[in-house]
2 protein chains.
Amino acid sequence: MLRADIEAFHAKRETLDPQKYLILTYYLETLVEPREGSAHLCQEMSTAQWSRVDVEEDFRPEFGAKVVDIELIDANAQPSSPFLADTMGKAYDHVYAFNVSIYYPYNNFGTKIPNLLTAVCGEGVFHAPDICAVRLLDIDFPESFLQDFQGPQFGVSGLRKLLAVPDRPILFGVIKPNVGLPPKPFAQLGYQAWLGGLDIAKDDEQLGDVAWSSVEERSRLLGALCRKAETETGEKKIYLANITDEVDQLIASHDIAVKNGAKAVMINGMTTGFSAVRMLRKHASVPLVSHFDFMAPYIQLPWFGVRDKVFSKLQRMAGYDVLIYPGLDSRLKTTKEEAITNARACLDDMGDLKRMLPVPAGSQWAGSLGSLYELLGSADFGIVPGRAVFGHPMGPKGGAASLRQGWEAVRAGKTLEAYAREHEELRHAIKMHT
Amino acid sequence: MLRADIEAFHAKRETLDPQKYLILTYYLETLVEPREGSAHLCQEMSTAQWSRVDVEEDFRPEFGAKVVDIELIDANAQPSSPFLADTMGKAYDHVYAFNVSIYYPYNNFGTKIPNLLTAVCGEGVFHAPDICAVRLLDIDFPESFLQDFQGPQFGVSGLRKLLAVPDRPILFGVIKPNVGLPPKPFAQLGYQAWLGGLDIAKDDEQLGDVAWSSVEERSRLLGALCRKAETETGEKKIYLANITDEVDQLIASHDIAVKNGAKAVMINGMTTGFSAVRMLRKHASVPLVSHFDFMAPYIQLPWFGVRDKVFSKLQRMAGYDVLIYPGLDSRLKTTKEEAITNARACLDDMGDLKRMLPVPAGSQWAGSLGSLYELLGSADFGIVPGRAVFGHPMGPKGGAASLRQGWEAVRAGKTLEAYAREHEELRHAIKMHT
């Protein structure tokens, strides 16, 4: 790039109206020095060819993305992916690794999720010349942008009110066997778990609206047993129906499930698109719960793709009340730092948007409650075990009871082992997990 | 895993009814030997906990995914991502690298795109224990599955008929400046390019429905000039409107654009979800064109994510008539093999689905036609240059003319240089690209 063209994509932060820009943070590895590499990114992701032939004009001042800050990490790095570096067809002996802050004028595309994704994760970003590693680390949205998004309808406090659970972690359970079990015995498992103390019995992310277990039948059976469990326990309960489906079925499926007694619905948002969730939010009468299917290739590598917290923010903006995301379990390939960062993206102030309940998933059990409470520094979270409830040797009722006991131990300031001496369900749970 | 449990996720191909299964091919790297690692994958991606406590039952025979073949690549490999291998929290000195064929009973989720993605790219796949690299290489769909999908409405031959271009590559051009130019001068650029010989003038993938250039106004102006260009050239022309938007706006935007004279619409399908495209296909009256924004993190690494051809197949099933995908340009980070493989996914027999026009994108110009024709072995493709048309020193008319001349040279069996001696536009094009 010519020197003047490089400069056209750099600006001083204080010269830019913060209400007109998104602030994007990327990690980059480039074959050229950071000032040029980041200018190239800005050019590709915004104005590309910025004037007509033989016309004196320049669309960069108003429509160009602009670098405001570069934080050099390593001026003499080796590429995280030699494969990607080699596809660029240039000799190199090192790359530059750095973080860059970019102001992006969102007037280029408006407050639309698909068009935002095109701009910040599209061809311009991941196919820019001389850039051999890209990770979108964060987006800061100005109030002017956020105000077009409804965000959570219920949020953490609304969900707590529905459940009449003011101050402890919310106990979700994924009914197992997840796939294959007909609706009748499936519903019985949810019922047993509610009796044992579970708050929310949910469908697995793999269980949708299928011939052998329709949303209609499942929600009818579980809706009825949910009311029964509420009467018998004197507690509020929720059946969470997975209505993930073709996008033109989501609203109809929501209506069927809710009419039949589902008091929340789950949509695997990355598979339907976040925009479909935003559409459903305008119509929904119950809390919306996310699942992270289809997200891993973006989020798992620290030098590539998109950091999970970006998706967490987008999902909160789209209208989810509960965020299920990869949590602390070697299987989940997630660090403690990411688990905390995602919880913060759910709970921190974000315009006028309500707070979204963080649920860091992953083979949880009674013993997960204390460690998550400590890690997150708050009881505003949920856990979502499967086997710990539905594979418990005393059945789902015993499994759910073990979760409640796990939290009672935390409140009593006792070790699990000490508390388990007088609680058989917890004793079995400890045995299952050691 | 216990030996019996490993065996439950392996089967002989000939014992399985091919009409009931998708055939999935994955590349895997595992810490445990391939037979166990692939069984683990099958368990996580299908039946997980396959029986209730104290109930004699096993859902694996009917609902379990089943390994039918393992092709060992390296029994003593180092992980492609040491980072991911380390997250598993186990000591290892090597990993197993192999391809595996898995039969997946699609009755588990039905013929729905979001639920398919959950099953084959969801938590079960990318968060399975002991697996530190996953790439979904291919899906073979049985006829019974494909028959629920409409596929392309026009296909290659329908598009050729609309354009009255029976046998040469289709010439698309991305109007530039892509962002910032108001509709009136923007439309003039399209008009000039049509006069020069362009078939399809299109919006950039970044240009949506925005305050400073609405789909309504753009399509009205370009629709009128398209008709004018047709009259003046005696050729058929298409304005391709990018209607990428929130999913609940797609149908309305299609209707506005088409009423105003757009004769095709583009949707950046990964940003809206493929399911939204399938929804639009049921309603659309013009060809649907894809763009690959937001797809890179899945497709760019050879050992991770999803191979592009899987998305190509899904997009054909969803109903795209034209597939724009990363082509041959160092910027695009794509190999020749991938470019060919994607073209085949567009054109090869696939149930009763029509053929989809492959358009391998990437800084193309007149000289790209001959090399792509040779590479793909057919004229059933398109090119989609931007600068080569709209940055041409003789303007868009000259730029478009240079493309036609590039193809005339191929047909005449002449080198570009020889043909350029009598064609000024091509001469300039060569100078721009050397």
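Here, each number is a calculation from the coordinates, and none is a lab measurement. These numbers were taken from a predicted model, which means no experiment stands behind them. Quick reminder, even Gly has a Cβ in these numbers, built from the backbone with ideal geometry, and neighbours come from all protein chains shown.
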For the range B:160-296: lysine pairs with Cα atoms under 12 Å, gap of 8 or more or different chains, count? 9
Sites B:Glu7 and B:Asp148 - FRET efficiency at Förster radius 35 Å, r taken between beta-carbons, to 0.05: 0.60
What order, most packed first, do the peptides B:328-340, B:76-88 have when packing is the mean number of other Cβ atoms within 10 Å of each residue? B:328-340, B:76-88
Placed amide H near B:Val95: partners under 5 Å, 5+ positions off or other chain: B:Ala77, B:Gln78
Taking A:410-421, A:270-281 and ranking on average Cβ neighbours within 10 Å, highest first, one gets A:270-281, A:410-421
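Using Cα pairs closer than 8 Å and at least 6 residues apart in sequence, work out the relative contact order for chain A, in percent.
15 percent
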What does the net charge come to around A:Leu16 if you take all other residues with beta carbon closer than 14 Å to its beta carbon, with K and R at +1 and D and E at -1? 0
For the range B:72-86 and the range A:225-276, write down the distance between their C-alpha centroids in whole Å. 40 Å
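What does the structure give for B:172-185 when I average, per residue, the other chain Cβ atoms found within 10 Å of the residue Cβ?
Neighbouring Cβ atoms belonging to other protein chains average 5 per residue here.
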Long-range amide H partners of B:Tyr325 with built H, under 5 Å: B:Val359, B:Ala361
Using alpha-carbon pairs under 8 Å, 6+ residues apart, how would you state the relative contact order of the range B:1-141 in percent? 40 percent
Where the Cα pairs of the range B:3-146 fall when distances are cut into 5 Å bins, in %: 2, 10, 20, 23, 19, 14, 8, 4, 1
Cα-based Debye curve of the range A:131-220 sampled at q = 0.11, 0.19, 0.22 Å⁻¹ gives log₁₀ I(q)/I(0) of -0.55, -0.94, -1.06
At R0 = 41 Å the Cβ-Cβ FRET efficiency linking B:Glu417 and B:Ser157, nearest 0.05, sits at 0.75
The ³J(HN,Hα) series, computed from each phi in the range A:410-424 with the Karplus coefficients 6.51, -1.76 and 1.60 at θ = phi - 60°, rounded to the nearest Hz and given as x for glycine or proline, is 4, 5, 7, x, 10, 6, 4, 4, 4, 5, 5, 4, 10, 9, 4
Cut-off 10 angstrom, C-alpha nodes, Gaussian network model of chain A. Which of A:Phe98, A:Phe59, A:Phe149 fluctuates the most? A:Phe59
For the range B:310-394, what size does the Cα cloud have along each of its three principal axes, sorted from largest down, in whole Å? 46, 22, 22
About its Cα centre, what dipole magnitude does the range B:265-376 give when the only charges are +1 on Lys and Arg Cβ and -1 on Asp and Glu Cβ, stated in debye to the nearest 20? 280 debye
Out of A:Pro326, A:Pro360, A:Pro61, a Gaussian network model of chain A with alpha-carbon springs under 10 Å gives the largest mean-square fluctuation to A:Pro61
Given chain B, what whole percent of its Cα pairs are spread farther than 43 Å? 22 percent
Could you check how many percent of all C-alpha pairs in the range A:1-70 are farther apart than 15 Å? 53 percent
If R0 is 45 Å, what FRET efficiency do you get for A:Ser214 and B:Lys431 from their C-beta distance, rounded to 0.05? 0.10
In degrees rounded to 10, the 0-90 angle between helix B:250-260 Cα long axis and the longest Cα principal axis of chain B is 20 degrees
Tell me which lysines have Cα within less than 16 Å of B:Lys90's Cα, excluding those fewer than 8 residues away on the same chain? A:Lys333
Over the protein assembly as shown, with a single point scatterer placed on each C-alpha, what log10 of the ratio I(q)/I(0) does the Debye formula yield at q = 0.06, 0.07, 0.08, 0.11 1/Å? -0.39, -0.54, -0.70, -1.30
When chain B is modelled as a GNM with alpha-carbon springs shorter than 10 Å, which of B:Val156, B:Val125, B:Val210 fluctuates the most? B:Val210
Tilt, helix A:215-233 to longest principal axis of chain A (alpha-carbon atoms), in degrees rounded to tens, equals 60 degrees
If each label sits 7 angstrom from Cα along the C-beta direction, how far apart, in nm, is B:Pro302 from its counterparts in the other copies? 2.5
Student exercise, the range B:103-152 dipole from Lys, Arg, Asp, Glu Cβ charges, in Debye to nearest 20: 120 debye
Evaluate peptide B:263-275: per residue, the Cβ atoms of other protein chains within 10 Å of its Cβ; return the mean as an integer. 5
Shielding by partners for A:41-48, please: the mean number of other protein chain Cβ atoms within 10 Å of each residue's Cβ. 3
Take every Cα pair under 8 Å in the range B:308-420 that's 6+ residues apart, average their separations, divide by the length, and report that relative contact order as a whole percent. 21 percent
